[in-house]
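Peer 1: If you scroll down you'll find the structure; I have some questions about it.
A short reminder: the numbers here are calculations on the coordinates, not readings from a lab. Quick caveat, the model's predicted, so the values are computed rather than measured.
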Amino acid sequence: MPRASVSQRSRRDARLEARVTSEQKKIIARAAALRGSSVTEFVVASAQQAAAEVIQDSELLTLDGQARDVFVRAILNPPAPNKAARAAAKRYKLRLKAVR
């Protein structure tokens, strides 16, 4: 397979370093070899995957059972706004007019 030129692929210009124990390095090197990649490629791919999972976990709301049912009912059938909510909406609309 032909290699992409530097202009066709992302340029790697940021550096990331880590200190690890000898045992950690051996395990990482073994895993990289099993995948057929370099240690650097393995570490970068693994770190990127872990980062994506952490970000997804922090951005995704997961509800089950009764909590899900309560949430869905509240979204589909919101309560009528109370006096405080109506006052807040009025203040918001006034501020919005002032900005325009």
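Peer 1: If I take the Cα coordinates of the chain and project them onto the principal axes, what are the three extents in Å, biggest first?
Peer 2: Ordered largest first, the chain gives principal extents of 64, 43, 33 Å.
Peer 1: Sticking with this one: With axes computed from alpha carbons, what is the tilt in degrees of helix 39-59 against the longest principal axis of the chain, rounded to the nearest 10 within 0 to 90?
Peer 2: The angle comes out at about 10 degrees.
Peer 1: Still on this structure: What is region 11-50 by shape, rounded, prolate or oblate, if you read a ≥ b ≥ c off the alpha carbon gyration tensor as root eigenvalues and call it rounded for a/c under 1.5, prolate for a/b larger than b/c, and oblate otherwise?
Peer 2: Judged from the Cα gyration tensor, region 11-50 comes out oblate (a/c at least 1.5, b/c at or above a/b).
Peer 1: Something else now. Pairing the Cα long axis of helix 65-76 with the longest principal axis of the chain, what angle in degrees results, from 0 to 90 and rounded to the nearest 10?
Peer 2: 50
Peer 1: May I ask for the angle, rounded to the nearest 10°, between helix 22-35 and the longest principal axis of the chain, with both axes built from Cα atoms and the value confined to 0 to 90°?
Peer 2: On a 0 to 90 degree scale, this one is about 90.
Peer 1: Moving on to the next point. Helix-derived [θ] at 222 nm for the chain: sum -39500 (n - 2.57) over DSSP H runs of at least 4, divide by residue count, nearest 500?
Peer 2: So the calculated ellipticity at 222 nm is -21000 deg cm²/dmol.
Peer 1: Under the √(5λ) rule applied to the eigenvalues of the Cα gyration tensor, what semi-axes describe the equivalent ellipsoid of region 39-78? Give them in Å, descending.
Peer 2: Ellipsoid half-lengths, sorted descending, are 37, 9, 5 Å.
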